[in-house]
1. Kindly put 60, 352, 222 in sequence by how many other C-beta atoms sit within 10 Å of each C-beta, fewest to most.
2. Hey, what do the phi angles of the stretch 273-284 turn into as Karplus ³J(HN,Hα) couplings, whole Hz, using 6.51/-1.76/1.60 and θ = phi - 60°, x for Gly and Pro?
3. Testing the spin-label approximation: label points 7 Å from Cα along Cα→Cβ at residue 14 and residue 316. State their distance in nm.
4. Within a 10 angstrom radius of the beta carbon, how do 86, 283, 224 rank from fewest other beta carbons to most?
5. List every residue whose amide H lies under 5 Å from the amide H of residue 89, counting only residues 5 or more places away in sequence or on a different chain, with H placed 1.01 Å from N in the peptide plane.
6. Tell me the relative contact order for the stretch 244-347 as a rounded percent, counting alpha carbon contacts under 8 Å between residues six or more apart.
7. Quick check: pseudo-label points 7 Å beyond the Cα along Cα→Cβ at residue 154 and residue 49, how many nm apart are they?
8. Report, in whole Å, the centroid distance computed from the Cα atoms of the stretch 197-230 and the stretch 312-328.
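What follows draws every value from the coordinates through simple rules; no lab data is involved. Since the model is a prediction, treat every value here as computed from it, not as a measurement. Cβ coordinates were reconstructed from backbone atoms using ideal geometry, including for glycine residues, and neighbour counts include every protein chain displayed.
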Amino acid sequence: MEYIKSQQFLIHTAKILGIILFYFVAVKLKPVLFRYISDRVRKSRRVLIEADSTVNNILRLILVIVIFNVLIDIPFLKNYIGIILSKPIIDTETVKISFLSLLKGIVVFYFLFLLTKLLRYSVEIYLIYKAKGKEIVSSVDILIYNFSLILIVLITLSVMGISWKLLIPIAGALGIGIGFGIQDIVNNFVSGFIILFSKTVKRGDWITLGDKFGKIVDIGIRTSTLRTLDNIDIIIPNSHLISGELINWSYTDNIVRLHIPVGVSYSSDVDKVKEILLQVASSSPDVLDEPPPEVRFVEFGDSSLNFELLVWIDVKKIPVPLAKSNLNFSIWYAFKENNIQIPFPQRDVWFRNELVIKKEAH
């Protein structure tokens, strides 16, 4: 009864009523804000839905935190629950962890994680609004996530009661470990940030790495994922993307030129061959009209007249191997329809001595 008549009761009641009022006002105003943003950024429906869910979780968490802090500050609850929560689990010079600090660490981690998600969604909506492109959005999102995760872990450890004095020897041990066994992990970790900053490879790029061709679908802090045309995901260490040679088909421009080699027999009409190849290119939905396709007479081969069809395609719309295959099919059918032969290697064999054929007597 004394507590109810005290000024502390009024303060606690005001805090609870204030946070409840804030929660309901925020819930009512949130749809108006999101509707305002949605009218201007129509391409971000999915992101807005996820951001709306994240904001709801943040508001609920704030409501729970404030009410919990008020409850454990009530005198008769503080004497029982407060003592239990304050009881140390680990109490050393560098580590002081209690039930309360452990609980605070979990709540802080989750709260900062939600704020990071909201920040990532906000940046993504802004970049989409500014029409910066999916590649820029992906790179910025990965950078925010990686840096925020490191910061969140450090803050959580500090809130839980783990002193920096403990982290310093851990860092020293980590340095020794790097020298003896985990240098590859650190190398790939650093390579991941180099890739994100240099943008030599971005999410969505089509690349050729060695004998592997595919699309970069994810760039992580240690590995990246290359998805082949067979829908097989290949996990590639980030260091391989910056230390070796690779072909990025869409590094500066999505428009690339393909070289399609073609050999025809010596009896073929070269003007007709050129005309057919240009017709195939112009009728192909994969080939761009500008720049226009070309046909080159490359050389007089041993068994064929060698031509080369040069066409331009958009690698964001069709992969290079598939475009080459489609053109080869079309060229084959067009040559067959016009009776143009694609020769196989031919050789004339000469005998130094006169060839004598003897018939055995029976």
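1. Details: 60 13, 352 4, 222 17.
Placing the least packed residue first, the sequence is 352, 60, 222.
2. Computed from phi, the couplings for the stretch 273-284 are 4, 4, 4, 5, 4, 5, 5, 4, 5, 6, 8, 7 Hz.
3. My value for the distance between the label points is 5.7 nm.
4. Ordered from fewest to most neighbouring Cβ atoms within 10 Å, 86, 283, 224 come out as 283, 86, 224.
5. Under 5 Å from the amide H of residue 89: 97, 98, 99.
6. Reported relative contact order: 38 percent.
7. The modelled label-to-label distance comes out at 3.7 nm.
8. Taking the Cα centre of each part, the stretch 197-230 and the stretch 312-328 sit 18 Å apart.
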